[in-house]
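Single-structure report; data block below.
The values are calculated or read from the model by the stated rules, or taken from the named source; none is laboratory data. Not measured: the values here are computed from a predicted model. So basically every Cβ, Gly included, is an ideal-geometry build from the backbone, and we count neighbours across all protein chains shown. In case anyone asks, the SASA skips ligands and DNA or RNA and just uses the protein heavy atoms, side chains included. Shrake-Rupley method; radii C 1.70, N 1.55, O 1.52, S 1.80 Å.
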Amino acid sequence: GRFPPMLPKSERLTKSQVEAVLASGKKHSSKYFFATVLKDGAEPSSLPGFAVVVSKKTAVSAVDRNRLRRQTYNAIKEVKKIILARPNGKIYPVHAVLTVKREAKGVEFPALIDDIGQLFKISGTIA
């Protein structure tokens, strides 16, 4: 069967946006990810934008890198669903780049969701 689509293209960052975020965003860290978040780069009306980076150092094979990337995008999608289901849940229109750490390899999906939720909370991406 086919996997559910990652995140809609409208919520993913372009290469130039990713470079802008990495150059001047604020850095945060969790157990499995580094998050670089740029708040002022996004217009208030815009959707939040996300990108996932997996380096060759983290996962040598492309298959593993792509698996980690897909899992992370799906975890972001789940976190968004959980937050928006709350009565006063909010996702701010930030641009966030998540860099996957080595520790994320082989981790169960629910753990990734928890980790991203905590990371988004400390980085001010969600309320």
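Considering only residues that are among the aliphatic types (A, V, I, L, M) and open to solvent by 40 Å² or more (accessible area, probe 1.4 Å), look in the range 69-127 and name the one that is nearest to residue 21 (Cα to Cα).
122
Within the set of pairs 6 or more residues apart or between chains, which connect a residue that is touching a residue at least 40 places away in the same chain (Cβ under 8 Å) inside the range 58-70 to a residue that is part of a helix (DSSP H, G or I) with Cβ atoms less than 7 Å apart?
Every condition considered, the pairs that remain are 58/102; 59/65; 59/68.
Among the residues of the range 77-107, count how many are within 12 Å of residue 120 (Cβ to Cβ) and of a type in the set (A, V, I, L, M).
Total meeting the criteria: 7.
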